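The values are calculated or read from the model by the stated rules, or taken from the named source; none is laboratory data. As the structure is a prediction and not an experimental result, all values here were calculated from the model. Backbone-built Cβ (ideal geometry, glycine too); neighbour counts: all protein chains shown. In case anyone asks, the SASA skips ligands and DNA or RNA and just uses the protein heavy atoms, side chains included. Shrake-Rupley method; radii C 1.70, N 1.55, O 1.52, S 1.80 Å.
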Amino acid sequence: MTAPRVFHDPAQLRAEIRVLQAQGQRVGLVPTMGALHEGHLSLVEQSQAACDLTVVTIFVNPTQFAPGEDFEKYPRTLETDLQLLSKFDPVWVLVPEVDAMYPPGSTTVVKAPRIAQPLEGVHRPSHFDGVATIVLKLFEVAPADMAFFGQKDFQQVRVIEEMVHDLLVPIEIVRCEIVREKDGLAMSSRNRYLTAEEREIALSISRSLGSTSRQIESGEIDAAGLRSKMEETLLAAGVDSIDYVAIADPQTLESVQTITAEVVILVAARVGSTRLIDNMLAAPPLP
Ligand code: PAF
């Protein structure tokens with residue numbers, strides 16, 4: 001176990017990364033908001049397998065939370081996070097202050113690409129501009145060769161892929177599979193908000209995703225029918241409200257009517273006061 005090296009100054013981190021890259025080392029970046037769990041650690045593992053050094057950033061980014069969302073109560077567990085990261089070596093950790101990422105007086109914002117508009121974009125209209133802005137800044141201060149993102153935030157990964165493409169950012173985006181608890185619940189820093197009873201209800205999300213994906217894999221092609229069955233199941237299980245259940249093209253995120261190729265099934269729902277998202281890819285049987 002080696003305590004990771006912690007940076008607070010983004011400029012110092014960038015300078016030191018540049019030195020390593022000049023020596024031919026490859027750097028992997030894992031952007032996080034902290035409250036690390038096995039999902040984050042699997043991103044670090046994948047970065048370690050592909051790169052010489054992994055840089056993890058821990059920053060609860062204020063601009064991706066709308067007023068009334070959980071910015072203030074978002075779990076901040078820096079000491080535990082650093083302990084969890086100490087099993088990886090070498091790992092550098094950037095923990096910047098808000099002023100270091102948003103210098104006083106800054107007004108520049110990245111307008112997220114069009115793929116940000118459906119789904120999350122309908123329910124959290126400014127969210128992806130905040131994500132795109134901070135992720136581009138993180139790519140500037142930690143100019144890594146590769147950056148690792150979890151597919152649990154499926155639309156977020158697509159937004160970042162499009163942004164990197166459109167703005168010619170020289171970084172490879174690596175999508176990593178969702179890590180689930182043994183019972184199927186997708187790992188999320190927000191799971192710690194759930195009471196035991198709510199957690200039981202939350203399981204209906206991954207279960208209904210699993211059941212829908214099995215039906216698609218068995219040849220069901222009617223997306224509208226599958227969506228309404230999922231909504232019924234979730235509400236019957238005790239989910240308080242559903243922002244969306246969608247069956248979409250994984251590339252464009254456009255809604256699919258008849259399933260003839262791989263789709264992504266996406267859910268955003270509220271259990272108690274906690275908003276959870278999850279998704280699953282599913283492909284119809286070969287003709
Ligand atoms: O997925 C997250 O934790 C955040 O949205 C990210 C990518 C670190 C940007 O703040």
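For the stretch 180-197, a residue qualifies if it is more than 15 Å from the chain's Cα centre (by Cα), away from the ligand (no atom under 16 Å from the Cβ) and either in a helix (DSSP H, G or I) or not aliphatic (A, V, I, L, M) (or both), and the qualifying residues are Glu181, Lys182, Asp183, Gly184, Thr195, Ala196, Glu197.
Checking the condition within 16 Å of the ligand (Cβ to nearest atom), acidic (Asp, Glu) and on the phi < 0 side of the Ramachandran plot, which residue from Glu16, Glu38, Glu45 passes?
From the options Glu16, Glu38, Glu45, the qualifying one is Glu38.
The one condition from (1) in a loop (DSSP other than H, G, I, E, B); (2) away from the ligand (no atom under 14 Å from the Cβ) that Thr54 does not meet is (1). With the condition being away from the ligand (no atom under 16 Å from the Cβ) and over 16 Å from the mean Cα position of the chain (by Cα), I'd like the helices (runs of 4 or more DSSP H) fully within the stretch 65-166 carrying at least 2 qualifying residues. Output list reads 78-85, 154-166. Going through (1) within 14 Å of the ligand (Cβ to nearest atom); (2) closer than 16 Å to Val30 by Cβ one by one, Glu177 falls short only on (1). Tell me, yes or no, whether the stretch 253-262 has at least one residue that is more than 27 Å from Ile201 (Cβ to Cβ), without any contact (Cβ under 8 Å) to a residue 40 or more places away in the chain, open to solvent by less than 40 Å² (accessible area, probe 1.4 Å) and not in a helix (DSSP H, G or I). For the stretch 253-262, residues more than 27 Å from Ile201 (Cβ to Cβ), without any contact (Cβ under 8 Å) to a residue 40 or more places away in the chain, open to solvent by less than 40 Å² (accessible area, probe 1.4 Å) and not in a helix (DSSP H, G or I): present. For the stretch 178-194, a residue qualifies if it is touching a residue at least 40 places away in the same chain (Cβ under 8 Å) and open to solvent by 70 Å² or more (accessible area, probe 1.4 Å), and exactly one does: Arg192. Of all the listed residues (Ser228, Ser204), the sole one being free of Cβ contacts under 8 Å to residues at least 40 places away in the same chain, open to solvent by 40 Å² or more (accessible area, probe 1.4 Å) and hydroxyl-bearing (Ser, Thr, Tyr) is Ser228. Evaluation of Glu45 against the conditions (1) exposed (fewer than 13 other Cβ atoms within 10 Å of the Cβ); (2) in a helix (DSSP H, G or I) shows that the sole unmet condition is (1).
Taking the stretch 8-33 as the range and being farther than 25 Å from Asp153 by Cβ and outside any helix (DSSP H, G or I) as the test, the residues that pass are His8, Asp9, Gln23, Gly24, Gln25.
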